[in-house]
Amino acid sequence: MANTTRPSGRRSSSAERLAPASGLLIAAALVLIYIVWGTTYLAIRVVVDPDAGEAIPPFAMVAIRFALAGAAMLALVFVFARNALRSLTRKQIRDQAIVGIALNVGGLGVTSFGEQTIPSGITALLIALLPIWVAIISRVVYGDRIAPLTAVGIAIGIIGVGILVSPNAGEQGLDPLGLACILFSPLSWGGGSIWSQRRAATPADPRVAVAIQMLAGSAGGAIVALLLGEWGAIRAESIGPDVIFALFYLVTVGSLLAYNVYTWLLRVAPFGLVSTYAYVNPVVAVFAGSLILREPISTQILIGGAVVVAGVALIITARNRASRAAKGAAAH
């Protein structure tokens with residue numbers, strides 16, 4: 001899970017005919033996604049770090065972030081796709097609001113809460129388990145078959161988590177509550193994503209759906225922040241430029257720029273290539289956290305992270321093989 005609202009990646013059979021684009025542009029867009037979604041974990045850590053003395057609490061941060069990003073996305077819709085708003089139904093608004101709460105509150109909000117005590121690099125590696133959760137949820141809730149290669153990937157990913165969270169994963173170990181949050185958040189994100197694909201009523205224009213999801217996530221984050229007393233803990237005069245810059249980065253680059261680049265990639269590049277972000281982002285996050293925040297990289301983190309990424313890569317490979325097989329069957 002990256003730290004922005006992402007389209008599901010679902011593509012109709014007609015959308016499989018890719019639009020023409022230069023290989024250089026595709027490569028540049030992929031690098032941007034790798035770097036941006038890999039460094040959003042770092043930005044979140046900067047914003048919510050309680051030891052910095054100038055932090056914005058996690059759910060308040062989610063409320064502010066997605067209020068700004070959602071308003072900007074809604075403005076884009078008004079300018080470029082106003083007709084899409086006229087065709088909105090109450091069911092579409094309700095369903096997309098539910099998705100937004102699952103992704104942006106249960107997913108990103110809980111991730112941000114966990115990042116108060118869990119290093120950003122380890123967070124990214126654990127969030128990389130999202131494809132594993134998606135496979136498990138699809139099996140348990142919807143009865144989907146788990147391919148043998150997917151099962152191997154799940155097993156490898158679980159082994160990697162065991163290595164990462166074992167008592168020697170850091171000098172002082174990992175905070176149990178923060179760890180529980182980081183492990184739960186991709187479950188909420190994955191569940192919301194699958195429900196969005198299979199059950200939720202979706203507007204014709206994906207930008208409308210994302211605007212609703214962002215604004216609903218902002219409202220949900222604001223309510224949770226109120227219940228936790230986070231708003232009263234904010235001291236505007238103590239918020240430093242690092243926090244302001246990191247929040248600005250999350251809103252503009254993490255949520256708006258990366259989202260639009262990703263949707264463009266889905267139109268011009270094979271999904272198997274685009275989906276490589278799932279196992280590149282954690283690597284970027286680990287090294288960004290080490291370089292900028294001086295987060296330690298132990299041998300155990302390197303080994304556990306490599307095992308997790310290998311498991312995720314196997315699951316994505318299995319999914320792409322199944323997709324190609326389905327296309328081949330449909331062609332005949």
Exercise for the section: Rank-order 36-43, 143-150 by packing density, defined as the average count of other C-beta atoms within 10 Å over each peptide's residues, highest first. Expected result: 36-43, 143-150
Exercise for the section: In debye, nearest 20, what is the charge dipole magnitude of the chain about its Cα centre with +1 on Lys and Arg Cβ and -1 on Asp and Glu Cβ, if you could check? Expected result: 1760 debye
Practice task
Work out the length of the dipole vector of the stretch 195-248 about its Cα centre, built from +1 on the beta-carbon of each Lys and Arg and -1 on the beta-carbon of each Asp and Glu, and round it to the nearest 20 debye.
Solution key: 340 debye
Practice task
Report the far tail of the P(r) of the stretch 83-126, meaning the percent of Cα-Cα pairs longer than 15 Å.
Solution key: 57 percent
Problem - Helix-only CD estimate at 222 nm, as mean residue ellipticity for the chain, using -39500 (n - 2.57) per DSSP H run (n ≥ 4) - result: -23000 deg cm²/dmol
Handout entry: Positive-end residue of 258, 185, 208, charge dipole of the stretch 166-303 with Cβ unit charges
Key = 208
Exercise for the section: Largest first and to the nearest Å, give the Cα extent of the chain along each principal axis. Expected result: 60, 46, 41
Exercise for the section: Please work out the C-alpha center-to-center distance from the stretch 46-86 to the stretch 227-271 and express it in whole Å. Expected result: 7 Å
Handout entry: Estimated FRET transfer efficiency (residue 233, residue 82; beta-carbon r; R0 56 Å; 0.05)
Key = 0.90
Exercise for the section: Order these peptides, 266-272, 24-30, 86-92, by their mean beta-carbon neighbour count within 10 angstrom, highest first. Expected result: 266-272, 24-30, 86-92
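We did not get these values from a lab; they are worked out from the coordinates using the rules stated. Just so we're clear, the structure is a prediction, and the values are computed from it rather than from any experiment. Heads up, the Cβs are rebuilt from the backbone with ideal geometry, glycines too, and the neighbour counts pull from every protein chain shown.
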